[in-house]
Amino acid sequence: MSWTKSSYSSTGATCVQVRVARLGVIEVGDTKNPDGPTLTVTSADWSHFLAQVTHGTTDSGRLISEFLPDGGFTLTDTATPGSPVLAYTKAEWGAFKLGVDAGELRSDDLRGVLVG
């Protein structure tokens, strides 16, 4: 199970990382903390979140992003009590958003950059 991140994340830079955990299930993590906490959601929930990112809103559905004053964001799984909150920087959001807009992080076709 390999992790993938946006190709817009420069070499060595950190980013949102995703992988197919099993058929119909996506795992979301953070390259800054490769052995750290992750969020696990259905492919349908991930697709809904990506559609919201593309359309400039991330305030409904299972995965919720909250933007921080410094331009970073947090990602929360609202359907799983006690799930971790993943925190990303402004640069990570920028690379992730570009990758989402380019269609690189769809659950049925992960085609960003493999995370080493």
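Condition (residue is modelled with pLDDT under 95, of a type in the set (Gly, Ala, Ser), more than 13 Å from Cys15 (Cβ to Cβ) and touching a helix residue (DSSP H, G or I) at 6+ places or on another chain (Cβ under 7 Å)) applied to segment 72-94: is it met by at least one residue? For segment 72-94, residues modelled with pLDDT under 95, of a type in the set (Gly, Ala, Ser), more than 13 Å from Cys15 (Cβ to Cβ) and touching a helix residue (DSSP H, G or I) at 6+ places or on another chain (Cβ under 7 Å): absent. Looking only at residues of segment 57-97 that are surrounded by 15 or more Cβ atoms within 10 Å (Cβ to Cβ) and of a type in the set (A, V, I, L, M), we find that the one that is nearest to Thr40 (Cα to Cα) is Leu63. Residues of segment 29-56 being under 17 Å from Leu98 (Cβ atoms) and surrounded by 12 or more Cβ atoms within 10 Å (Cβ to Cβ), which ones? Passing the criteria: Thr31, Phe49, Leu50, Ala51, Gln52, Val53, Thr54.
The values are calculated or read from the model by the stated rules, or taken from the named source; none is laboratory data. This one's a predicted model, so the numbers in the text were calculated from it and none came from an experiment. Neighbour counts are summed over all protein chains in view; Cβ atoms, including those assigned to glycine, are modelled from backbone coordinates with ideal geometry.
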